[in-house]
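This report concerns only the one structure given below.
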Amino acid sequence: MSNRLSSSGPIRVGVIGTGGMGGRHVRNLTDEVTGSQVVALMDVDAARMAEVAAACGASHTFSDARALIRHPAVDAVVIAAPDRFHAELTAACLAAGKPVLCEKPLAADAEEARRIVETEITGGRRLIQVGLMRQFDPAHLRVKELIASGALGKAVAFRGIHINSLPHAPRMAEEVITNSVIHDLHSARWMMSDEVTRVYVSYVPYAGHSPETARLILIQLQYRSGAVGQIECNAEAGYGYEVDVRVTGENGAAETNSLRSPVVSYNNQRGQWVEEDWLQRFDTAYIHEVRAWIRALQTGVPIGPTAWDGYVSMLLADACIESAKTGKPVDVDIPPMAALYAAANG
Ligand SMILES: NC(=O)c1ccc[n+]([C@@H]2O[C@H](COP(=O)([O-])OP(=O)(O)OC[C@H]3O[C@@H](n4cnc5c(N)ncnc54)[C@H](O)[C@@H]3O)[C@@H](O)[C@H]2O)c1
């Protein structure tokens, strides 16, 4: 069954959650994408929603997310509300038969994500794209292409580094894993075109806070192919935002370099600026992500991270949480990919 939306005009999008990420999606859909129009918004913060509506010209504002999803003027939905609402809102989009770009994580845990995947499979067509947007970052894509081309030989090791800058209140290890590390877990699979079969987590709690808080998390990975990997996620580095990956092959290695600023030499120093936050670091990726989503809706050919990717990344996240709690390695049993997702690309 085709996913193509039949409307000949722009794809009319409703956005749920108009904060940092939702606001950026609204801006990109309005200014950077041909063929989309943000027509509806929903947020519990009415003042924030009114500000975003005035900037993008959305004519419908809602206090009830389900009313937005059901509204006949909305062709497709972006979910950028806080993580805990993602699963129920995505399920409501499936029930309404509307395509959805759901921010990560797809759900609160793997069981919830599995139910969404099953509902999508029952419906027989892919309606969900998950906001695991590093797949749209040009530097990540270049590394992926190099590895996939075979030029560097068989991939034997993955390394991901994820440095968060903003001063958060200390967060529990569980939240850092499902909210931040989820990106790295997805990268670890996508970059290597391989599945992780074992995770082993150690972490540093915040001094003076509960031992379950995590300031820095280190994860060792074992892959099905025999390759190995490591993810370091610093929840609050205090100096800037950096995300990079390195993949080592049997004949070479490729890595991204998140430092894009000019190199400045001055006063006996030479250096570069580190970007401030994810909106700077991944500004291009967020634009490419929504462009690809709208294009997929226009052509009926889905692209990018699927609900299956959202589910498997949650399986890994659940295993990481168990490993963090027990201090032991945890095996992960990834089921065979359902046929609906076999043709996934990007
Ligand atoms: N893909 C990425 O790189 C990336 C980056 C940042 C955030 N995110 C995700 O985007 C989502 C939003 O994060 P953010 O940084 O924009 O947070 P934020 O706090 O800036 O914005 C969240 C918005 O949701 C609104 N909200 C709260 N409860 C709501 C509800 N029940 N229904 C609708 N709206 C509600 C808030 O009022 C706020 O405007 C989160 O799920 C987060 O994980 C993804």
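Quick check: residue separation of T122 and T326 times 0.36 nm, minus the Cα distance between them. What number comes out in nm?
That works out to 69.8 nm of additional length.
Please turn the phi angles of the stretch 36-46 into ³J(HN,Hα) values with the Karplus equation 6.51 cos²θ - 1.76 cosθ + 1.60 (θ = phi - 60°), one per residue in order, whole Hz, x for glycine and proline.
3J(HN,Hα) across the stretch 36-46, in whole Hz: 9, 9, 7, 10, 8, 9, 9, 7, 6, 9, 5.
How would you rank 312-319, 44-51, highest first, on the average number of other Cβ atoms within 10 Å across their residues?
My ranking of the peptides, most packed first, is 312-319, 44-51.
Label point 7 Å out from I334 along Cα-to-Cβ: which residues of the stretch 284-312 have amide N under 15 Å?
305-312
Considering only DSSP beta bridges with both partners in the chain, what is the antiparallel share in %, to the nearest 5?
Beta bridges within the chain, antiparallel portion: roughly 55 percent.
Counting only Cα, what are the radius of gyration and maximum Cα-Cα distance Dmax of the chain, in Å?
According to the Cα coordinates of the chain, Rg and Dmax are 20.1, 64 Å.
Quickly work out the V44-to-N251 label distance, labels modelled 7 Å from Cα along the C-beta direction, and quote it in nm with one decimal.
Modelled inter-label distance: 5.5 nm.
Residues of the stretch 220-241 with amide nitrogen under 13 Å from the 7 Å Cα-to-Cβ point of E276?
So the set is 240-241.
Which ³J(HN,Hα) values, rounded to whole Hz and listed in residue order, are derived for the stretch 201-210 from phi using the Karplus coefficients 6.51, -1.76 and 1.60 in 6.51 cos²θ - 1.76 cosθ + 1.60 with θ = phi - 60°, glycine and proline given as x?
My calculation for the stretch 201-210 gives 10, 10, 8, 10, x, 5, 4, x, 10, 4 Hz in order.
What is the extension gain from E51 to S193, computed as 0.36 nm multiplied by their sequence separation minus the C-alpha to C-alpha distance, in nm to one decimal?
Working it through step by step, the gained length comes to 46.9 nm.
Exactly which trypsin sites (Lys or Arg not before Pro) in the stretch 245-346 are in a DSSP loop and have at most 15 other Cβ atoms within 10 Å?
Those that pass, being in a loop and sparsely packed, are R260.
What list of ³J(HN,Hα) couplings, whole Hz, do you get for the stretch 13-26 from phi and the Karplus terms 6.51, -1.76, 1.60, once you set θ to phi - 60° and write x for glycine and proline?
Computed from phi, the couplings for the stretch 13-26 are 10, x, 10, 9, x, 10, x, x, 6, x, x, 5, 4, 4 Hz.
Every number here is computed from the coordinates shown, using simple stated rules; none is lab data. Please read all numbers here as calculations on a predicted model, not as lab measurements. Don't worry about glycine lacking a Cβ; one is built from the backbone with ideal geometry, like all the others, and counts go over all protein chains shown.
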